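The values are calculated or read from the model by the stated rules, or taken from the named source; none is laboratory data. This is a predicted model, so every value here is computed, not measured. FYI the Cβ positions are ideal-geometry reconstructions off the backbone, even for glycines, and counts take in every protein chain you see. In case anyone asks, the SASA skips ligands and DNA or RNA and just uses the protein heavy atoms, side chains included. Shrake-Rupley method; radii C 1.70, N 1.55, O 1.52, S 1.80 Å.
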Amino acid sequence: MLFEDNIPYSTLKTLLIVLGTLGMMCTTTRFKYSAKRVALHFFLYLSYVAASSAAIIFFLGYPVFLRVFLFTISVPAIVLVFKMAKDQPAKAVFNYMTQILISAYAAATTTLINAAISGNELTDFFMRLTFYVLIILLEYRFLRRPFLWFTNVTDSGWLILALIPCSLIAYAVMLASYPVPYTQNPPNVVYIYLFSAVIAVIYFSVFQYLAMQYRLQITKQDLELMEVQVNRLKDKLSADAIAAEKSRIDRHDTRHILCTAASLLEEGKTADALDYISQSIRQFQTHTPVRYCQDVIINATLSSYFAQAKEAGITLETRLQFSDTLPVDSGEFAIVIANALENAINACRLLPKEKRRIAVRCICTPKLMFEISNPCSEPVAFSADGLPLSKEHGHGIGTRSIFTFCNKYHALYDFSVSNGQFVLRIVL
């Protein structure tokens, strides 16, 4: 039951399908314009859809409309949404054509169900409305976060991937409309739904492969990051060892300086003693490193990043209570601290100096708990794993390194934004 003879309802049905498809596209899209501007563009587009669809159905017939809707409706929709979205072209084509493919099957299924129950225009309309509302809600609830997260971190391969939904929907339309509409050709209905099983297998296989490639990529990046950071920590330890040795030598030399000054004073040569002490002060420069904990690697990490924070004009609030023994490898935990502090420092550098503030807390009794917070001026999007999504390409590696550490040691982690503060908590 296509209701092709009822042109007003066919036009209304087309508008409902298009509106539902646009809603599905929006669930997996970030827009760069305001909601009002997006709604205005959609209104103008829907007006065009209503006029063009009614004209094609009236002059050329409904079968022709089914054969050309990809060009008269789908392509303009893809271009429109792409112009308003923040997507790359290949990603946009894959996303939108996939949604159109799902929508086409939803529309065809509704038609077949309505025909099976001998429904009319009213049952057809409400079934379509129910189908699209459910699909949009389900996609927004379960698909939006993981899809945006996945597309945010994966940049390669989308051009080839976009060919999949394009070719699948072209073939599905051919099955549904040639030589006659699918409602008049029962064997083709069987082929169409057998083809949907093939589509499901293809998408499952592709995403499994991409997920595997993504995990390999993340693992490689994490290893490279850890190697770089371990080398930095080694350099810092080497510098601290040199400073400690210098401090030991300086303390040894101080004894001789004091003995010499005392001898000059005993001989009554006060002016010479004062001059000698002044010269020694200029030549003898000491630097006593701050000790935050007994572990040399973690202490070196805290010293290095706290120094960077002070140079950036950031106020530090610290409450650190490290135990002598940690439940994790101190080198790996130091990398977590380094990543968290580096992210917090970079975020604070974007703020006015009076708002730059980082609070660091670490407690080791009864469990090890590490918390760091800093002001957050912009809204933060989170992935399905609860990780903050980076807005810039190539960023977010430190966050994934923290995620890898927490998975390895079965630690609880929580990234959150509350009262304008971005907070990271890790509990072992």
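In what sequence, highest mean first, do 86-94, 372-380 appear when ranked by Cβ atoms within 10 angstrom?
Values: 86-94: 18.3, 372-380: 15.7.
Order by mean packing, descending: 86-94, 372-380.
State the answer as a single residue: which of Thr399, Ala108, Leu12 lies farthest towards the positive end of the charge dipole of the chain, with beta carbon charges of +1 for Lys and Arg and -1 for Asp and Glu, about the Cα centre.
So the residue we want is Leu12.
Quote the Stokes-Einstein diffusion coefficient, in whole µm² s⁻¹, for region 322-428, based on the Kirkwood radius over alpha carbon pairs, a temperature of 10 °C and a viscosity of 1.306 mPa s.
The calculation lands on 110 µm²/s.
Per residue and in Å³, how big is the convex hull formed by the alpha-carbon atoms of region 1-148?
Spread over its residues, the Cα hull of region 1-148 gives 105 Å³ apiece.
Which is farthest toward the positive dipole end of the chain among Phe370, Ala35, Ala273, measuring Cα position about the Cα centre, with Cβ charges +1 (Lys, Arg) and -1 (Asp, Glu)?
Ala35
Out of residues 5 or more away from Phe422 or on other chains, whose amide H comes under 5 Å of its own, with H placed 1.01 Å from N in the peptide plane?
Sorted by chain and number, the residues that satisfy this are Asn374, Cys376.
Using a 1.4 angstrom probe on heavy atoms only, work out the carbon and sulfur share of the accessible area of the chain in %.
Here carbon and sulfur together make up 63 percent of the probe-accessible area.
For the chain, what is the charge dipole size about the Cα centre, in debye to the nearest 20, if Lys and Arg each add +1 at the Cβ and Asp and Glu each add -1 at the Cβ?
Dipole magnitude for the chain comes out near 700 debye.
Determine the relative contact order of the chain: mean sequence separation of Cα pairs under 8 Å and six or more apart, normalised by residue count, in whole percent.
RCO, the chain: 13 percent.
Tilt of helix 397-408 relative to the longest C-alpha principal axis of the chain, in degrees (0 to 90, nearest 10)?
Roughly 90 degrees between the two axes.
Quickly estimate the mean residue ellipticity at 222 nm for the chain, helices only: each DSSP H run with n ≥ 4 gives -39500 (n - 2.57), and the total goes over all residues, rounded to 500.
-23000 deg cm²/dmol
Do the alpha carbons of any pairs in Lys32/Lys310; Lys91/Lys353; Lys86/Lys355; Lys91/Lys310; Lys13/Lys86 sit beyond 32 Å of each other, and which pairs?
Pairs exceeding 32 Å: Lys32/Lys310; Lys91/Lys353; Lys91/Lys310.
Can you tell which of Leu80, Ile169, Leu412 lies farthest toward the positive end of the dipole of the chain, using +1 and -1 charges on the Cβ of basic and acidic side chains (Lys, Arg; Asp, Glu)?
Working it through, the farthest residue towards the positive pole turns out to be Leu80.
With charges set only on the Cβ (+1 for Lys and Arg, -1 for Asp and Glu), what does the dipole of region 60-182 come to about its Cα centre, in debye to the nearest 20?
That gives a dipole near 260 debye.
Any chance you could give the angle, 0 to 90 degrees and rounded to 10, that helix 89-116 forms with the longest Cα principal axis of the chain?
On a 0 to 90 degree scale, this one is about 40.
Does anyone have the angle between helix 144-153 and the longest principal axis of the chain? Alpha-carbon axes, 0 to 90°, nearest 10?
Roughly 60 degrees between the two axes.
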